[in-house]
Amino acid sequence: MKDDEPFVLNDPDRLKALAHPMRRRMLTHLNVHGPATSTTLGELLGAKTGTTSYHLRQLEKYGFIEEIPERSSGRERWWRRAALPRDMRLPVPDQVAPEDRAVLEEFHRVGYEEDRVLFERFPAAYRADPGWAKGSRGLVRVTKEELDAFHDEYIALLLRYSRKAEEAPPDSRPVYVRLFTLPADED
């Protein structure tokens, strides 16, 4: 599989591994700030090292993180995000077995809670530095096929500007980007 080809995350066990709020916060930290130990993550997240170690092992088991052997020594293990497909997408409910749909719903619930927190942070971020806080609202009339095309073009644009930290220009910053669409005539 090429790095930019869509990869559907339809394994219920992998989805379940990502549906835990602490694991998602750990992944976000590793993605934004780089490698860390379970002790570092525990201090940042207000959790005991045993708890963070357990969650790190779960993330490793499903291929989302990996140990950095050259940095680890003794009991101190360093972790980083694993190389994953850049275009990772979620299945639609009918692509998941009926007994596993609750896992997909929980994954979305946890993600929407993260999005709500980011949305609430936006006004303060905009006041602090509007050059780094951008927003857009719109209404379009499209067919499902056009919406699919719009989404694919959005993903392509996102991938065009996505870089690994070591490949990014010196004045770059990690920036959260969100897109959601929903029918406007169902209010």
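Derivation of every value follows stated rules applied to the coordinates shown; laboratory data play no part. Every value quoted in this text rests on a predicted model; they were computed, and no experiment measured them. Note: ideal-geometry Cβ built from the backbone for every residue, glycine included; neighbour counts use all protein chains shown.
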With Cα coordinates, the longest principal axis of the chain makes an angle with the long axis of helix 144-161, in degrees rounded to 10, of 40 degrees
Please arrange Ser72, Ser136 by how many other C-beta atoms lie within 10 Å of their C-beta, fewest to most.
Ser136, Ser72
Expressed as an acute angle from 0 to 90° and rounded to the nearest 10, what is the orientation of the C-alpha long axis of helix 21-33 relative to the principal long axis of the chain?
80 degrees
Assign unit charges at the C-beta atoms only (+1 for Lys and Arg, -1 for Asp and Glu), then state the dipole size of the chain relative to its Cα centre in Debye, rounded to the nearest 20.
860 debye
Reachable lysines, given that their alpha-carbon falls under 30 Å from the alpha-carbon of Lys61 and they are not under 8 places away in the same chain:
Lys2, Lys16, Lys48, Lys164
Degrees separating the helix 49-61 axis from the principal Cα axis of the chain, which is the longest one:
60 degrees
Cα lying deepest toward the dipole's positive end in segment 7-186, options Trp78, Pro174, Tyr126, charges on Cβ
Trp78
Out of (1) 170; (2) 192; (3) 130, which label holds the value of volume of the Cα convex hull per residue in Å³ that was computed here?
(1)
Calculated FRET efficiency for the pair Arg173/Glu105, C-beta based, R₀ 25 Å, to 0.05:
0.15
